[in-house]
1. Counting only other residues whose beta carbon sits under 13 Å from that of ALA136, what net charge do I get with K and R as +1, D and E as -1?
2. List the residues, sorted by chain then number, that are 5 or more residues from THR130 or on another chain and whose placed amide H is less than 5 Å from its amide H.
3. Using alpha carbons only, how many degrees (0 to 90, rounded to 10) separate the axis of helix 147-156 from the longest principal axis of the chain?
4. With θ set to phi - 60° and the Karplus curve 6.51 cos²θ - 1.76 cosθ + 1.60, what are the ³J(HN,Hα) couplings of the stretch 183-192 in order, to the nearest whole Hz, using x for Gly and Pro?
5. With Cβ to Cβ distances under 14 Å as the rule, what net charge do the other residues near ILE18 carry (K, R +1; D, E -1)?
6. Based on alpha-carbon positions alone, could you give the equivalent ellipsoid semi-axes of the chain from the gyration tensor, as √(5λ), descending, whole Å?
7. At a 1.4 Å probe, what is the % contribution of carbon and sulfur to the accessible area of the chain?
8. Quick check on the chain: helices-only [θ] at 222 nm, where DSSP H runs of length 4 and up contribute -39,500 (n - 2.57) each and the sum goes over total residues. Nearest 500, please.
Amino acid sequence: MAGPEVTLSFDNGPEPEITPFVLDVLRQRGLKATFFVIGRKLADAAQRRLAERAHAEGHWIGNHSWSHAGPLGERRDAGHAAAELGRTQAELGTLTHSDRLFRPVGGGGRLGPHLLSAEARDFCAAAGLTVVTWSAVPGDWHDADGWPDRAFAQCMAQMRPVLVLHDLPGGAMRHLDRFLGALADAGASFRQDFPDEVLLMRRGLPCAGLDSFVTPPEMQGEAA
Ligand SMILES: [Zn+2]
């Protein structure tokens, strides 16, 4: 029986303490992933060089907001989404993928209307962004040793899982190589592209179900 086809993504970096290690693991295993980076981190020359290395090694680089200041749908201040996304697109420059990948901040990995504001949606449409969510969030950022078992179960339960991990310090990534090996041993394969199920917009055009990921303007700012 064919195992799942897993798409790997690493959010919230790049970080000098851990991103080089993640890149080494992926290179040794011949795997390609997407790094959804935080824009303001690229303003640091050393961190930008890590994104450049990832890009040069065949990984895709996506926008994960400028400051990671919470889900965009929970903000009512005009201009916030445009600043978070636009400034990061500008900082990415030639590192950006041709589909202009953007992953909204989930706030603990949650999916729902808090992901986008109407302003964020309109900005993504105008900028031709591809909005990418996820389907497996094992919580590596708060459980450095427990995440691999959850990630394995979440991936094996789906045909096309899109896994979110984080290239952040904290120790979780010390399990990355062993985890990837366990998946491969269980029959999983890896691919870099994203299945339609996790796309909210493709190059600025809405995908089915987009509306359920946008906070209605009259609700904005009222969510907890
Ligand atoms: Zn994030």
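1. Surrounding charge for ALA136 is -3.
2. Those qualifying (amide H under 5 Å, at least 5 residues apart or on another chain) are LEU101, PHE102, ARG203, GLY204.
3. Taking Cα atoms only, the helix is inclined about 90 degrees.
4. My calculation for the stretch 183-192 gives 4, 4, 5, 7, x, 6, 10, 10, 9, 8 Hz in order.
5. Summing Lys and Arg as +1 and Asp and Glu as -1 gives -4.
6. Those come to 27, 20, 16 Å.
7. 53
8. Helix-only estimate at 222 nm: -9000 deg cm²/dmol.
The values are calculated or read from the model by the stated rules, or taken from the named source; none is laboratory data. Worth saying up front: this structure is predicted, and the values here are computed from it rather than measured. Counting neighbours? That spans all protein chains shown, and the Cβs are built from the backbone with ideal geometry, glycine included. Just so you know, the surface numbers come from the protein's heavy atoms only, side chains and all, with ligands and any DNA or RNA stripped out. Shrake-Rupley method; radii C 1.70, N 1.55, O 1.52, S 1.80 Å.
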